[in-house]
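Participant: Take a look at this one; I'll ask things after.
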Amino acid sequence: MTQGRGQLTDRIKKKSKELLGYEIDKIELRLIPYVHYVMCNEQRIDMKCINSEDRKVLTRWRKKKYIEGGASGLIISREFWDIMNEIVFLGYVDID
C-alpha cells in the first residue's frame, strides 16, 4: 500500500477505530499534526489557524477528556498523545 502524506487511508481509518473507537475523517487527520505541533511548541491553539470544522473536532476531543483548554493553554492526556503520535506516524511519516 502506498501512503500519501496526509491522505486518509483504510489503514488509518482502521487504526483510528481501534484507538479512538471511531473512524477519523480528513479534517481530524489534518488537525492532529497541528495539535501535535502546538503541544511541542507554544501549547496554545491559535484561533486564526483553525476553522469551524476543526472546532467541532476539538469539542469532540474535550467531551472524550482527551484535551482541555485551547487558546488560553492546551492540555492533552497521555493516552491522546500516544494516539496522535501513532496517527501522525501512519499518515505523515511511514510512507512507502
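Participant: Quick one: compute the contact order of the stretch 1-82, relative version, from alpha carbon pairs under 8 angstrom and 6+ residues apart, as a percent.
Facilitator: 22 percent
Participant: At a 10 angstrom cut-off on C-beta neighbours, averaged per residue, how do the peptides 31-41, 17-27 rank from highest to lowest?
Facilitator: With the highest mean Cβ count within 10 Å placed first, the list reads 31-41, 17-27.
Participant: Collect residues whose amide H, placed 1.01 Å from N in the peptide plane, falls under 5 Å from the amide H of Leu74; neighbours closer than 5 in sequence don't count.
Facilitator: Residues meeting the amide H criterion: Arg44, Ile45.
Participant: Could I ask something else about it? Straight-line reach from Lys64: which lysines have a Cα under 20 Å away, not including same-chain ones fewer than 8 places off?
Facilitator: In chain and number order, the partners are Lys13, Lys14, Lys15, Lys17, Lys26, Lys56.
Participant: According to a simple spin-label model (label point 7 Å from Cα along Cα-to-Cβ), what is the distance in nm between Ser72 and Asp46?
Facilitator: 2.2 nm
Participant: So, one more: Mean Kyte-Doolittle hydropathy of 0.0 or higher plus an axial Cα length of 18 Å or more: which whole DSSP H helices in the chain meet both?
Facilitator: Within the chain the helices that satisfy the rule are 26-40.
Participant: Please express the shape of the chain as an equivalent ellipsoid: the semi-axes are the square roots of 5 times the eigenvalues of the C-alpha gyration tensor, given largest first in whole angstrom.
Facilitator: So the equivalent ellipsoid measures 22, 14, 12 Å along its semi-axes.
Every read-out reported here was derived from the displayed coordinates using simple, explicitly stated rules and does not represent laboratory data. If you're wondering where the values come from, they're calculated on a predicted model, not measured in any experiment. Positions of Cβ are generated from backbone atoms using ideal geometry, with glycine treated the same way; all protein chains shown enter the neighbour counts.
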